[in-house]
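The values are calculated or read from the model by the stated rules, or taken from the named source; none is laboratory data. Source: prediction; values computed, not measured. All Cβ positions, even for glycine, are placed from backbone atoms using ideal geometry, and neighbour counts span all protein chains on display. Heavy atoms of the whole protein, side chains included, go into the accessibility calculation; ligands, DNA and RNA do not. Shrake-Rupley method; radii C 1.70, N 1.55, O 1.52, S 1.80 Å.
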Amino acid sequence: MTPGDNGASTPEDDDPFGYLYADGQARGAQPPSGGGYGYPNSVSRVRAVGERSYGAQQAPYGQSVPQQGAYGQPNAHYQAPETLPGGAPAGRRTASPASGRRGPNTKGLLIGAIAVVAAVVIGIGIAMINGNTDDDKSGNQAGSTPTHSQTSSPSPSGSGSAAPGELPKTDANALQLLGGATKATDVPGAKAAGGVYVGGLNTVGASVTWTVNVPEEGAYTLLARYDNPGEDQSMTLTVNGQKYGSGFNFANWTHLSDPTKAWTESYAYPTLKKGSNTLALSCQAGDKCDVLLDQLWLKKGKVGRG
C-alpha cells in the first residue's frame, strides 16, 4: 500500500489484532498507539451505530451509490424482466386450474339433519298420542271393572263359605239361634266381633245352627270355642238331621272358675258330604248345657284342637 491508500475497507483488512500474527507483523502491523488498527497508515473510521451495512454495494471512495427505494416504492434503477433482451413476455399470469375435487356438500348434510330431526319429532308426537289413548282406555276399564278388593272382600264371620283353600269359620254374630238362645256381651273374652257370644243355652230346646259348604266328602274336625268355668257340660250334635254319637263335649279343660279366664276349645269328628251341610248344637233332655258359645270352624280330617 502507498501512503494515503487505505486499501479495502473491510473488517479483514482492518484487523485490530494483526500485530499478533506473523503475517500481520510481516506487513508491518504494530500495536495500536493512537486509535489506528495496527497496520501502517491505517485510518480509524468512526461511524454511527447502524450506519455501516456489510454486504451492501460499495462505491469507490468519493462516489455515491444509488439508494434503493423504500419498501413498496418503485426503484428508479429497476427494470422489469420483460424489458430486457430475451426477457419473459409481458402478460397477465393465468390462475392455475381448480382441482376437480369438490368440497363437502354442506347443503345436503343440512337437509339430511333437518329430515332426521323432523322424523324424531313426528315419532315422539305419535308415541304421545298413543300413550294418551292407552291411558284413556285403562281409565275407562278401571272405572267400569270392579277391583279385586271390591269383589273378593272377606265374607262375614258367620258365613258358611270361605276363601279358596280354606274351610269356613263362623261366630255368635252369624249363627241361627232358637229356643231361648240369645246373644250377650257380659263376660269379656269372646273373639267374635264386638265380644259377642251366645248365652241362654241351658234350657231344653235351645240350639244354634250353622249351614256350611265343604269341597269334598270325608271326615272333618268341628271345633268350638266356649267358656265353661264350672263342671263339664255336654250338648247334642246333629249333622244333616242325624244325631252324632254321644254328643259334643264341653268340658272345663282350663279347670278355672273365673269366667273371664275359662275360655277354651273342644272338638268332634263328624263325616260331611260334599257341598252344603247343616250342623246343630242343641240342649236336649239329659244334656248339660251351661256354656257360653263363641266360635265354630272346620278342619279337614281328624286333627284335634289347635
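Between LEU178 and ALA251, the distance separating the two model label sites (each 7 Å from Cα on the Cα→Cβ line) works out to 3.0 nm. Here the spin labels are modelled as points 7 Å beyond Cα on the Cα-Cβ line, and at LYS107 and ASP186 they lie 10.7 nm apart. Measuring how big region 218-306 is from its alpha-carbon positions, Rg and Dmax come out at 13.1, 41 Å.
Counting Lys and Arg as +1 and Asp and Glu as -1 over every other residue whose Cβ lies under 9 Å from the Cβ of LYS288, the net charge comes to -4. Put a dot 7 Å past the Cα of ALA219, heading toward its Cβ, do the same for ASP23, and the two dots end up 14.3 nm apart. Taking all protein chains as present, what is the carbon and sulfur share of the accessible area of region 218-263, in % to the nearest whole number, probe 1.4 Å? The computed percentage sits at 50. Restricting attention to region 239-303, the count of lysine pairs at 8 or more positions apart or across chains with alpha carbons under 24 Å apart stands at 13. The candidates TYR244, TYR226, arranged from most to least accessible area with a 1.4 Å probe in the full protein assembly, appear as TYR244, TYR226.
Take the Cα gyration tensor of region 186-232, multiply each eigenvalue by 5, square-root it, and list the three semi-axes largest first, rounded to whole angstrom.
25, 15, 13
To the nearest 0.05, what FRET efficiency results for THR203 and ASN240 with a Förster distance of 25 Å applied to their C-beta separation?
Numbers: r = 24 Å, r/R0 = 0.98.
Once rounded, the FRET efficiency stands at 0.55.
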